[in-house]
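Working notes, structure below.
The values are calculated or read from the model by the stated rules, or taken from the named source; none is laboratory data. As the structure is a prediction and not an experimental result, all values here were calculated from the model. Every residue, glycine among them, receives a Cβ derived from its backbone with ideal geometry; neighbour counts consider all protein chains shown. All accessible areas refer to the heavy atoms of the entire protein, side chains included, with ligands and DNA or RNA removed. Shrake-Rupley method; radii C 1.70, N 1.55, O 1.52, S 1.80 Å.
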Amino acid sequence: MSRRADRDPTGRGGTPDGSGPTGSEATRDAELSATLAAARAGDDEAFRTLYRVLQPLLLRYLRALVGADAEDVASETWLQIVRDLSSFEGDYDRFRGWAATIARHRALDHVRYTRRRPSIAVPAEEFGALPDGSDAAGLALEAVSTRASIELIATLPRDQAEAVLLRVVMGLDVAATARVLGKRAGAVRTAAYRGLRRLAERLDRSGQSAEGSGGSGATGPAGPDSTRTVTPAPDLTLRDMR
């Protein structure tokens with residue numbers, strides 16, 4: 001996992017131990033809660049602000065659950081958020097947990113649908129004449145360090161991976177994570193702790209392996225341009241999440 005990810009991908013400085021926010025985090029959450037209230041009252045610019053803040057987190061969470069279909073599922077998530085926002089009650093922290101719950105349910109629906117109607121691969125040449133819809137923000141979210149972090153988390157057992165994703169990537173507290181997963185707070189703490197400990201062990205082994213490869217032409221640990229291919233474990237495909 002990259003140094004940037006170690007600093008907390010949420011950008012909120014949160015930690016998986018359930019500790020409360022710092023003063024600056026509390027101020028930011030209060031500002032976002034005010035933005036949320038404005039969005040509920042119909043302020044389009046306030047809603048766009050919420051989208052810009054939350055969308056990157058939802059994409060990272062969903063990417064570990066549904067892979068390349070994350071953006072499609074995120075779009076479905078936002079459609080439901082827009083539809084039900086006027087009936088939502090609570091601050092930004094509760095809104096973030098609510099959005100994560102919707103995203104998880106949409107991911108479940110997506111997996112069930114794709115199991116019934118598998119997709120058909122289309123040659124890349126068929127899309128040559130289509131316009132490029134990418135944007136700078138989307139490309140930035142696909143930075144190698146972040147992608148590698150999410151892929152590494154996705155190799156954990158499903159319960160640990162979801163706990164880490166919701167706690168570290170989405171930035172939810174223990175209580176909110178427990179509500180999303182339908183588990184007790186103690187089970188969430190245990191799963192997150194075990195998942196983070198397992199990640200640390202894997203990173204430690206990877207570092208030792210890189211240092212030990214110096215005899216084959218390397219001069220030390222893998223540099224920033226080196227890559228590792230990590231295949232997500234099948235138990236994070238949501239097939240058993242019912």
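Data overview
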read-out	value
All positions within region 159-181 that are of a type in the set (D, E, K, R) and open to solvent by 10 Å² or more (accessible area, probe 1.4 Å)	159, 167, 173, 179
Residue match in region 82-90 (condition: part of a loop (DSSP other than H, G, I, E, B), acidic (Asp, Glu), more than 15 Å from the chain's Cα centre (by Cα) and at pLDDT below 90)	no
Residues that are free of Cβ contacts under 8 Å to residues at least 12 places away in the same chain, in a helix (DSSP H, G or I) and of a type in the set (D, E, K, R), drawn from region 25-51	31, 44, 45, 48
Residue 92 being touching a residue at least 60 places away in the same chain (Cβ under 8 Å), more than 19 Å from residue 154 (Cα to Cα) and of a type outside the set (A, V, I, L, M)	yes
Yes/no for residue 156 being among the aliphatic types (A, V, I, L, M), open to solvent by less than 10 Å² (accessible area, probe 1.4 Å), outside any helix (DSSP H, G or I) and modelled with pLDDT of 85 or more	yes
Residues that are open to solvent by 90 Å² or more (accessible area, probe 1.4 Å) and over 21 Å from the mean Cα position of the chain (by Cα), drawn from region 46-59	none
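Table: residues versus (1) of a type in the set (A, V, I, L, M, F, W, C); (2) under 17 Å from residue 172 (Cα atoms); (3) at pLDDT 95 or above; (4) surrounded by 15 or more Cβ atoms within 10 Å (Cβ to Cβ).
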position	(1), (2), (3), (4)
3	no, no, no, no
20	no, yes, no, no
26	yes, yes, no, no
32	yes, yes, no, yes
40	no, no, no, yes
44	no, no, no, no
61	no, yes, no, yes
72	no, no, no, no
